[in-house]
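Chemist: Mind looking over this structure? Questions follow.
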Amino acid sequence: MRIHLKTLGCRLNEAELESWRRDFVGLGHQLTGNPEQAELLVVNTCAVTEEAVRKSRKLLNRANRANPNARLVVSGCYASLDPSATAQVEGVDLVIGNQDKERLVEIVDRELDLNVMPENATEPAAAGLLARSRQRAFIKVQDGCRYRCTFCIVTQARGEERSRPQLEIIDEINQLHDDGIQEVVLTGVHIGGYGSDRDSDLSSLIRQILAGTDIPRLRIGSVEPWDLPESFWDLFTDPRLMPHLHLPLQSGSNSVLRRMARRCKTDEYALLVELARSKVEDLNITTDIIVGFPGETNEEWQQTLDYVQRIGFGHLHIFAYSPRSGTKAAQLTDPVSRDVKRIRSDVLHQLGEVMKRQTLETYVGRTLPVLVEGSGENGWGGYTPNYLRVAIDAPADAPLENQIIDIRIKRLADSGDRLAGEWKQP
Ligand code: SF4
């Protein structure tokens, strides 16, 4: 979704705008400087003087006139002091008070069903799952997909599968490593299909990368849960291959999966997860779920909820279904109403939070190697091999950035969505 952000007032308002900008981009949205091209307008208002109130209202009216089709979200001091007057301004869809500002992106995402449908189910960056950073780089290893999941447009836009030569990929990783990158993520439209046009496969590529580079961390971002040979799991005996896999499920109901034309039904998925967990220690499995696919009945929805709970995931990426013209699914009748999608999405989010917490709790008391990504406004932080976020208690000038350091995990951070650990000076 294209988003235009606008603020009035103080430096704090500007800083908030910057942080929303980062969070929206992290979720896979795009920013635009032109309100007329935006699908969502977010205005951070001010109320320090009568004049500021007047200007805030004017800004809202102008935003609505510039683009009446875009959804309009308002926050800031004016919106907090007079939420009902703000809500009555023409075109305003959502008012978020200052007390909820820090969670604005999350609330907007949920309330307006903003989560973009996975254009490309195997592109972790697009799904906002793995963030690019100064320590982590994405390597595109292939393009195109031979499958035709009915909600997916990318496969039509990108055409047949094409894989990059292994040597070229290895050279790129070595170059990035020389430049200080510690972790690379293999990515593509359908990376499980890597090598189909080169008489090779994903396992062989991983083996060659591990042999031909010294990159400390190699990550497979997201791979469709099929065509993975049993030997694939043996690759993880090399500790440089990170024990985290994003295996898009999309639904826990076989009838919905059939309408989506997915290749993997629930029994096969469960077997795959069981095998993977038995072979790979500390494997963190995360997934994508689409809620409100056309015709999704209460029973099918309940099946998904039960199944997700039964399998257990470290993180859920939840998308409210939205039709993409040109896809088969866009021609399906019996759409699920927006309200039902929102309720289902909320319930699944809550389950996702509980499961994440349960996953994190199992690591309390352990010492884990963390790739430290720097000291931001929330202090030092980084990721474990299986992609659990860790907040690190350490002095601001500690020499931790871009280092892989053993951190003793003490507890869950207050936010509940990450671990909290302590750095001990050697
Ligand atoms: S496997 Fe399905 S969802 Fe994934 S890229 Fe191919 S068509 Fe799209």
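Chemist: Taking the Cα-to-Cβ direction at Arg198 and at Ile107 and moving 7 Å from each Cα, how far apart do the two end points lie in nm?
Modeler: With each label placed 7 Å out from Cα toward Cβ, I get 4.8 nm.
Chemist: Spin-label point model (7 Å from Cα, Cβ direction): what's the Lys279 to Ser84 distance in nm?
Modeler: Placing both labels 7 Å beyond Cα along the Cβ direction yields 6.2 nm.
Chemist: Tell me, in nm to one decimal, what length is gained between Ser255 and Thr237 on full extension, where the rule is 0.36 nm per residue of separation less the Cα-Cα distance?
Modeler: Values: separation 18, 0.36 × 18 = 6.48 nm, distance 3.64 nm.
Extra length from Ser255 to Thr237 when fully extended: 2.8 nm.
Chemist: With each label point set 7 Å from Cα along the Cα-Cβ vector, what nm distance links Val25 and Thr367?
Modeler: Here the answer is 3.7 nm between the modelled labels.
Chemist: Any lysines with Cα under 18 Å of the Lys356 Cα? List them, leaving off those in the same chain fewer than 8 positions away.
Modeler: Partners within reach: Lys410.
Chemist: At q = 0.15, 0.18, 0.20 Å⁻¹, what is the base-10 log of I(q)/I(0) for segment 201-284 according to the Debye formula with one equal point scatterer per Cα and no solvent? Please give it to two decimals.
Modeler: -0.58, -0.79, -0.93
Chemist: Continuing with this model, one more query. Amide H neighbours of Arg71 under 5 Å, counting only residues 5+ apart in sequence or on other chains, H built in-plane at 1.01 Å?
Modeler: For Arg71, the qualifying residues are Leu40, Leu41.
Chemist: Past 28 Å, Cα to Cα, is the threshold; run Lys101/Lys341; Lys279/Lys341; Lys140/Lys341; Lys101/Lys328 against it and keep the listed order.
Modeler: Long pairs (Cα-Cα over 28 Å): Lys279/Lys341; Lys140/Lys341; Lys101/Lys328.
Chemist: Whats the longest run of the chain with zero GluC sites (Glu not before Pro) that are DSSP loop and have at most 10 other Cβ atoms within 10 Å? It would help to have the intermediate numbers written out before the result.
Modeler: On the way: sites that count: Glu90, Glu377.
Segment 91-376 is the longest.
Chemist: Run the numbers for Val347 and Arg148: contour at 0.36 nm per residue of separation, minus the present Cα-Cα distance, in nm. Show your work: numbers first, answer last.
Modeler: Details: separation 199, 0.36 × 199 = 71.64 nm, distance 2.91 nm.
The span from Val347 to Arg148 would gain 68.7 nm if fully extended.
Chemist: Using the Cβ atoms and a cut-off under 10 Å, what net charge is assigned to the surroundings of Arg103, where Lys and Arg are +1 and Asp and Glu are -1? List each step's numbers first, then the result.
Modeler: Details: positive: Lys101, Arg110; negative: Asp23, Asp100, Glu102, Glu106, Asp109.
Cβ neighbours under 10 Å give a net charge of -3.
Chemist: Return the aspartates and glutamates within reach of Lys424: Cα separation strictly under 19 angstrom, same-chain partners fewer than 8 residues apart disregarded; answer none if there are no such residues.
Modeler: Glu373, Asp393, Asp397, Glu401, Asp406
Chemist: Then there's this: When all alpha-carbon pairs of segment 274-426 are counted, what percent fall beyond 29 Å? Spell out each step's value before the answer.
Modeler: Details: 4061 of 11628 pairs.
Beyond 29 Å sits 35 percent of the P(r) for segment 274-426.
Chemist: So, one more: Please state the relative contact order of the chain as a whole percent: Cα pairs under 8 Å, 6+ residues apart?
Modeler: Values: 814 pairs, mean separation 43.2, N = 426.
Across the chain, relative contact order equals 10 percent.
Chemist: Output needed for the chain: three equivalent-ellipsoid semi-axes, defined as square roots of 5 times the C-alpha gyration tensor eigenvalues, in descending order, whole Å.
Modeler: Details: eigenvalues 264, 159, 86 Å².
So the equivalent ellipsoid measures 36, 28, 21 Å along its semi-axes.
Chemist: Still on this structure: So if I take the centroid of the Cα atoms in segment 159-207 and the same for segment 2-27, what is the distance between those two points in Å?
Modeler: 35 Å
Chemist: Return the FRET efficiency for the residue pair Gln156, Glu36: r is the Cβ-Cβ distance, R0 is 30 Å, and the value is rounded to the nearest 0.05. Before the final figure, lay out each step's value.
Modeler: Working: r = 29 Å, r/R0 = 0.96.
Using R0 = 30 Å, I get an efficiency of 0.55.
Chemist: List the extent of the Cα atoms of segment 310-362 along each of their three principal axes, largest first, rounded to whole Å.
Modeler: 44, 22, 16
Chemist: Sticking with this one: Quick one: P(r) of segment 136-361 from all Cα-Cα pairs, 5 Å bins, percents rounded to integers, in order of increasing distance.
Modeler: Once binned at 5 Å, the Cα pair distances of segment 136-361 give 1, 7, 13, 17, 18, 16, 13, 9, 5, 2, 0.
Chemist: Now for a separate question. Measure nothing but the geometry: give the 0 to 90° angle between the long axis through the Cα atoms of 50-66 and the longest principal axis through the Cα atoms of the chain, rounded to 10°.
Modeler: The helix 50-66 is inclined about 60 degrees to the chain.
Chemist: Here's a follow-up. Based on DSSP H runs of at least 4 residues, each adding -39500 (n - 2.57), what is the mean residue ellipticity at 222 nm of the chain after dividing by all its residues, to the nearest 500 deg cm²/dmol? Kindly include the intermediate steps, with their values, before the conclusion.
Modeler: Values: 12 runs with 139 residues, N = 426.
Rounded to the nearest 500, the figure is -10000 deg cm²/dmol.
Chemist: Rounded to the nearest whole Å³, what is the per residue volume of the convex hull around the Cα atoms of segment 2-111?
Modeler: Numbers: hull volume 9.6 nm³, N = 110.
About 88 Å³ per residue, rounded to a whole number.
Chemist: What percent antiparallel are the DSSP beta bridges of the chain, to the nearest 5? Numbers along the way, then the final one.
Modeler: Numbers: 20 of 63 bridges.
Antiparallel bridges: around 30 percent, rounded to the nearest 5.
Chemist: At a 4.7 angstrom Cβ threshold, list every cysteine in the chain that has nobody to pair with, or say none.
Modeler: Taking the Cβ cut-off of 4.7 Å, the unpaired cysteines of the chain are Cys10, Cys46, Cys77, Cys145, Cys264.
Chemist: Now for a separate question. How high is the relative contact order of segment 154-274? Use alpha-carbon pairs under 8 Å, at least six apart in sequence, and give a whole percent.
Modeler: On the way: 128 pairs, mean separation 27.8, N = 121.
Reported as a whole number, the value is 23 percent.
Chemist: Using every alpha carbon pair in segment 251-302, what percent of pairs falls into each 5 Å bin from 0 up to the bin containing the largest distance?
Modeler: 4, 18, 25, 21, 15, 10, 5, 1
Chemist: Please find the FRET efficiency linking Leu210 to Val354, where r is the Cβ-Cβ separation and R0 is fixed at 35 Å, and quote it to the nearest 0.05.
Modeler: Working: r = 36 Å, r/R0 = 1.02.
Once the sixth-power term is evaluated, E becomes 0.50.
Chemist: Now for a different question. Give me the three principal axis extents of segment 367-422 from the C-alpha atoms, as integers in angstrom, largest value leading.
Modeler: Dimensions of segment 367-422 along the principal axes of its Cα atoms: 25, 22, 15 Å.
Just so you know, all these numbers are worked out from the coordinates, no wet-lab data involved. The structure presented is a predicted model; accordingly, all values stated were derived computationally and were not measured. Quick reminder, even Gly has a Cβ in these numbers, built from the backbone with ideal geometry, and neighbours come from all protein chains shown.
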